[in-house]
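Input: a single structure, listed below in structure tokens.
The values are calculated or read from the model by the stated rules, or taken from the named source; none is laboratory data. Keep in mind that this is a model prediction, so the values were computed, not measured. As a convention, Cβ positions derive from the backbone with ideal geometry for all residues, glycine included, and neighbour counts pool all protein chains shown.
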Amino acid sequence: MSKNFRVLASVAMAATLAATSACSSTRDAEESGSGDSGSNLVGIAMPTRSLERWNNDGAHLDGLLKTAGYTTSLQYADNKVDQQITQIENMINQNAKVLVVASIDGTALGPVLEKAANAKIKVIAYDRLINATPNVDYYATFDNYLVGKLQGEFIVDKLGLKDGKGPFNLEPFAGSSDDNNAKFFFNGAWDVLKPYVESGKLVIPSGKKIAGEEDWKTVSITGWKSETAQAEMDNRINSFYTGGKKVNVVLSPNDSLALGIAQSLESKGYKPGADYPLITGQDADLANVKNIQADKQAMTVWKDTRTLGDQVAKMVDSIVKGGTVETNDDKTYNNGNKVVPSYLLPPVVVVKDDIKTKLVDSGFYTADKLGL
Ligand code: GAL
């Protein structure tokens, strides 16, 4: 999507929303029975500011809804579950009409969302599914399983595994175990890589065994922290890569982990070039896109968070208007209590050669920011 079209799309989006929300909020609230009839407050609960993407997500959605005439409460919870629960409680007490929640721990929000339901407030799970509660009405995200599948397929292609190349030394990582997405990312990748691990073409010198359903948690990094991933990679290299043994490939589920892993490799003397390990990523964080330009990371799975914000803004408006909320997947995401109607957006692989066409021409980054 070209930059101009993208800008036009957002403006058009805001105008459409503005046209509907301003005039209809009072009427539709009574009809749709959602929240306090007079309010047009939308509560936006984001997990943290310390992981780059959430700043973009929050700002974009907040801007769209404000332009459309909604009042918003945009809150960040510093990756602290209790803080997020308190923030959501405040939004309920402020008579929010709709809550948009990117949860920190998808299993911890049952009680507070029951309060939301009692107040007839609709809830949209943003990017990460909220589990173990009937009180989540919709889910909007990217195709999380496909994110992992794209990372796995990238490794297979780049290493020539289909042509029988190998063995290669692989180190797998997974995301935060309290994040429902982490399982989908990992399973998407592992379903592609597992046959090569079983055939011995991919070897895991650190001995991490990924057999059972929950084994991905043995390689998960809590809170998606770069520094924790760096320390874990240091440990693995110190313990299992002696006598000249080299890391060849690292399955990193996202960019914040990939950054820590690259820093660990650098501190152990790895330099970009022929022997440098192939590292995957996700989110197209700025520092990581620069690492890709510097051959310190091989790819990232870009999720254009603006499109997620656009979709969620539309869902909010449909809820407020009492209209039909658009979803495109009513099967995949069972949160343990019910299948949550979902809207999935497409993730895209970005490598060094298409940074300009995908990230700059679409307006996600300016050429200036990437030194292009
Ligand atoms: C996931 C999200 C990813 C990544 C990660 C860490 O839930 O889908 O895009 O950002 O959290 O924030």
Picking from Phe186, Phe154, the residue that is assigned to a helix (DSSP H, G or I), touching a residue at least 40 places away in the same chain (Cβ under 8 Å), of a type outside the set (A, V, I, L, M) and within 16 Å of the ligand (Cβ to nearest atom) would be Phe186
Taking the criterion of being within 16 Å of the ligand (Cβ to nearest atom), polar (S, T, N, Q) and assigned to a loop (DSSP other than H, G, I, E, B), would at least one residue in the stretch 82-90 satisfy it?
no
Scanning the stretch 128-151 for residues that are within 16 Å of the ligand (Cβ to nearest atom) and assigned to a loop (DSSP other than H, G, I, E, B), which turns out nearest to Lys201 (Cα to Cα)?
Asp143
Report yes if Leu308 is closer than 20 Å to Leu129 by Cα and at pLDDT 95 or above, otherwise no.
yes
Here the residues within the stretch 55-66 that are within 11 Å of the ligand (Cβ to nearest atom) and either β-branched (Val, Ile, Thr) or surrounded by 21 or more Cβ atoms within 10 Å (Cβ to Cβ) (or both) are Asp57
Output the residues belonging to the stretch 257-304 that are in contact with a Gly (Cβ under 6 Å, 6 or more places away or on another chain) and more than 13 Å from the ligand (Cβ to nearest atom).
Gln297
Given (1) more than 20 Å from Phe168 (Cβ to Cβ); (2) in contact with a strand residue (DSSP E or B) (Cβ under 9 Å, 6 or more places away or on another chain); (3) polar (S, T, N, Q), Ser206 misses just (1)
Between residues in the stretch 306-334 that are at positive phi and touching a residue at least 40 places away in the same chain (Cβ under 8 Å) and residues that are assigned to a helix (DSSP H, G or I) and not hydroxyl-bearing (Ser, Thr, Tyr), which pairs lie under 6 Å by C-beta distance while being six or more apart or on different chains?
Gly322/Asp28; Gly322/Glu31
If Asn254 satisfies every condition in (1) surrounded by fewer than 24 Cβ atoms within 10 Å (Cβ to Cβ); (2) within 16 Å of the ligand (Cβ to nearest atom) but one, which is the exception?
(1)
Which one of Leu146, Leu161, Leu99, Leu109 is surrounded by fewer than 24 Cβ atoms within 10 Å (Cβ to Cβ), under 22 Å from the mean Cα position of the chain (by Cα) and of a type in the set (A, V, I, L, M, F, W, C)?
Leu146
Which is at pLDDT 95 or above, of a type in the set (A, V, I, L, M) and within 16 Å of the ligand (Cβ to nearest atom), of Val219, Val192, Val203, Val197?
Val219
Is there a residue in the stretch 281-290 that is more than 19 Å from the chain's Cα centre (by Cα), on the phi < 0 side of the Ramachandran plot and in a loop (DSSP other than H, G, I, E, B)?
no
